[in-house]
1. May I ask you to list pairs of residues, at least six apart or on different chains, whose Cβ atoms are under 8 Å apart, with the first in the range B:57-75 being over 17 Å from B:LEU26 (Cα atoms) and the second being hydrophobic (A, V, I, L, M, F, W, C) and part of a loop (DSSP other than H, G, I, E, B)?
2. Taking the options B:GLY93, B:GLY60, name whichever one is modelled with pLDDT under 90, surrounded by fewer than 20 Cβ atoms within 10 Å (Cβ to Cβ) and assigned to a strand (DSSP E or B).
3. Suppose we keep only residues that are among the β-branched types (Val, Ile, Thr) and over 25 Å from A:HIS283 (Cα atoms) within the range B:93-135. Which one would you say is nearest to the other protein chains (Cβ to nearest Cβ)?
4. Does the range B:34-51 contain any residue that is in contact with a Gly (Cβ under 7 Å, 6 or more places away or on another chain), assigned to a loop (DSSP other than H, G, I, E, B) and more than 8 Å from chain A (Cβ to nearest Cβ)?
5. Answer yes if at least one residue in the range A:120-142 is more than 21 Å from the chain's Cα centre (by Cα) and buried (at least 16 other Cβ atoms within 10 Å of the Cβ), and no otherwise.
6. Restricting to the range B:63-77, name every residue that is aliphatic (A, V, I, L, M), away from every other protein chain (no Cβ under 12 Å) and surrounded by fewer than 18 Cβ atoms within 10 Å (Cβ to Cβ).
7. Give me the residue from the range A:245-269 that is within 8 Å of chain B (Cβ to nearest Cβ) and among the hydrophobic types (A, V, I, L, M, F, W, C) and, out of that set, nearest to A:VAL148 (Cα to Cα).
8. Tell me, which residue of the range B:145-195 that is among the β-branched types (Val, Ile, Thr) and more than 14 Å from chain A (Cβ to nearest Cβ) is farthest from B:ARG117 (Cα to Cα)?
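The values are calculated or read from the model by the stated rules, or taken from the named source; none is laboratory data. Here the structure is a predicted model, which is why all the values come from computation and not from measurement. We place every Cβ from the backbone using ideal geometry, glycine too, and count neighbours over all the protein chains shown.
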Amino acid sequence: MVALTRRRRPITIIVLLLLALVACATMATALGAVSVSFSDVLKIFWNKASPFNFSTTWPHGSETIILQLRLPRVIGAALVGAGLATAGVLFQGLLRNPMADPYIIGTSAGAALGATIAMLLPLSMAFLGFGMVPVLAFAGALATVFLVYYLARVGSKTPVVSMLLAGFVVSAMLTALMFLVITMSDKLYDKFHSVYSFLMGGISVAGWGQVAVIGPIVVVGILLARLWAFRLNAFALGEEGAAHVGVDVEQSKTVFLALGSVLTAAAVSIGGLIGFVGLVVPHALRLVLGPDHRLLVPCSAIAGGAFLVIADMLARTVHPPREIPVGILTALIGAPVFIYLLRRHGKEYAL
Amino acid sequence: MNTTAIEMNQVTFSYSNGAVLRNVDLCVQKGEMVGLIGPNGAGKTTLIRLISGILGTRQGDIQLDGMDTRGLKRRAIAREVAVVPQQFDVPSGYKVEEVVMLGRTPFMKPWRDFSGRDRDVVLDTMNAVGIGRLAARCFTELSGGERQKVVLAMALAQETGLLLLDEPTAHLDISHQVEILELLTDINRRKGLTILAAMHDLNLASAYFQRLVLLKGGAVVADGSPQRVLTTAMIGSAYSIPVHIQPHPLTGVPQVLVLPPGDGHN
């Protein structure tokens, strides 16, 4: 008689990761062009959150900087990271492909084209407190996913291979269209910097408005992903195998694709195109925690959030006053980590 | 109480390029162990996929335990019938016990962890097929014979009354073929599990199954004991080669010997 391996306590891991996220976020809030001490940041938080107040020993402007500028941006970064990492888990699990990332089915190209078109519109247009860039990026990302999904459909099924192919082709076409628009428009030619910073990724959050819209989308998305994670586990058996153990494959696939796409689109709308978070974070956690998505989904969300909070902090502080596009940092940190994992666990990738 | 595990009435199924099954009638009683034989392309796999509800559109009725499969959700079907497919693989990184655990998916509740009972069932099935000691091993590192036992344990963990197997002994050496078939026979006898298995090896099918169903060109052409189905005329015409049938010298079950055509012996 052999006992089942004792699993690590999921709740312990999640709590530890949450503490790490809070620590990263506090540090990221303290650091910036105007330096505020770590203890002052904690006191400002405390004063805001509780009836008992510390006496104010910091310059008055610090409180505004912390609460109105940095905190929404840090939380925005955490939401972007969490959304991208969760979408990464969903796509990797669904497609049984450890190399799948949130952009694999055309989201990024759609978002980029949407953002480019938005930059052609008059500046005054706005929607729910957002400029047109995030709104059209969101719309472009979603529309592309539905187009790819529709194109890939064969009868009543959506084979994974035809989805990857359709995603690749549609992406290539939309990217070409985007560069065509940029080249032909005088207006965009002058605004090349905005286009560039969207494509390279960068958290653009001004105040709490955007966080209030994106926050619920990302949090609900993560909770739904966790709720259905046991079905995602069954996809390890392939589509027919998942059906054998009682999963309605086509319905689940639609749900997971929609969920992953909405999460990606939400992240893209305030973060631009940030690569590697959705690829590296779930991948690394899978190697450490094992393949159970009921644990991988929440852990990837939290770790992805922490990763992007740190990356965004570095983006703001490494070379002031200029901001480095955060997508460059995630690639510079993520790629070596990925290469390390590939070398170290190489045999697990061999078939 | 219903005593019929599978009842198929006039089932016809075609892929887009033509009919694969024609007017199939098949009735399997609970507790039976039935071998499905026939040449490649005869429709064995299609029949299994129809019974397990993977293929939906068709003409005719298929009932599992008295229930029409078309009205059932996947989750409900997965509690009635488990499948050991011809090909099985999982991504790297899965431990044996994690694969077997997937057999409990039809019983999962979204926010709950696996129950104590789920864990007991998984342990029991792993021990029953003799892979308890492999529990913590990586699935992708196992040999073909060990893998097949893991897949079998996963299917058994579904605790269904009916088990479908698509060539469970393909690609295994003779000792593992016998081991798998002994396991199936034992589970069939002890637990009354109904088994329908597509078989390539006619002699093993003859030795282990009391009832054989011979498919040819998508139709059932013979159904009965090995003595009735494995005849020179039946097998010769179904597989389009000359064969010689003789009783096994020790057990007496019919054994099929191939006569190489044009060898001057016939």
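1. The qualifying pairs are B:ARG74/A:VAL247; B:ARG75/A:VAL247.
2. Being modelled with pLDDT under 90, surrounded by fewer than 20 Cβ atoms within 10 Å (Cβ to Cβ) and assigned to a strand (DSSP E or B) holds for just one of B:GLY93, B:GLY60, which is B:GLY60.
3. Across the range B:93-135, the extreme among qualifying residues is B:VAL122.
4. Checked against the condition, which is being in contact with a Gly (Cβ under 7 Å, 6 or more places away or on another chain), assigned to a loop (DSSP other than H, G, I, E, B) and more than 8 Å from chain A (Cβ to nearest Cβ), the range B:34-51 yields at least one hit.
5. Taking every residue of the range A:120-142 in turn, none turns out to be more than 21 Å from the chain's Cα centre (by Cα) and buried (at least 16 other Cβ atoms within 10 Å of the Cβ).
6. The one that is aliphatic (A, V, I, L, M), away from every other protein chain (no Cβ under 12 Å) and surrounded by fewer than 18 Cβ atoms within 10 Å (Cβ to Cβ): B:MET67.
7. A:VAL249
8. Ranking the candidates gives B:ILE174 first.
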